1. Would you say Leu54 is within 22 Å of Asp156 (Cα to Cα), touching a residue at least 24 places away in the same chain (Cβ under 8 Å) and in a helix (DSSP H, G or I)?
2. Please work out which residue is farthest from Arg96 (Cα to Cα), limiting yourself to region 119-150 and to residues that are charged (D, E, K, R) and open to solvent by 60 Å² or more (accessible area, probe 1.4 Å).
3. Taking only region 30-47 into account, find how many residues are open to solvent by less than 50 Å² (accessible area, probe 1.4 Å) and without any contact (Cβ under 8 Å) to a residue 40 or more places away in the chain.
4. Evaluate region 122-132: report whether one residue or more is at pLDDT 80 or above, farther than 30 Å from Glu12 by Cβ and of a type in the set (Lys, Arg).
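The values are calculated or read from the model by the stated rules, or taken from the named source; none is laboratory data. The model shown is predicted, which means the values in this text are computed figures rather than measured ones. All Cβ positions, glycine included, derive from the backbone under ideal geometry; neighbour counts span all protein chains shown. The area values use the complete protein model at the heavy-atom level, side chains included, leaving out ligands, DNA and RNA. Shrake-Rupley method; radii C 1.70, N 1.55, O 1.52, S 1.80 Å.
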Amino acid sequence: MPPAESRPPTDEALVRALQRDEPWAKRALVDRHGPHLRRVLVRLIGHEDDRADLLQEILMRAFRSIDGLDDPNALRSWLTKITVFVAREHLRRKRRRRWLSFLSETPEVPAPAVASDGVREAARCVYEVLDGMPDEERTVLVLHLFEGFELQDLVDVLGLSY
């Protein structure tokens, strides 16, 4: 059971609860950070059918390795790093499959059902451009422009030099 206070626990308290395997902590992590992880994942891989499976993979990796998180206040960045790693693995596999099957066309990227034709076309064009970018450049672009990460934070999350 989460702390009885009216405010949700801090990331530090959440990490400590996860490390103690408290039953409420996993749900709290998903509630707090799930929307961010979904957003980053969609922006890195597009609207693909297997994104729910990838999100599960991200969460399982996080739960398994939570004891290795040195700074509980860096939880969001740490989760983003796991998301980027899983997305990169997925994109590499996808490129290998595309190459092996000799596909020459980019698959359709569905936009939200409520979107107009113009928005759907714009989303398709954006994801077509993103699909053509090297993984590292795509990741930096998505995290900086769409998710608001400062460049210095990306150095830490992605292990790049400034």
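1. So Leu54 fails the test.
2. Glu150
3. 3
4. Scanning region 122-132, I find no residue that is at pLDDT 80 or above, farther than 30 Å from Glu12 by Cβ and of a type in the set (Lys, Arg), so the answer is no.
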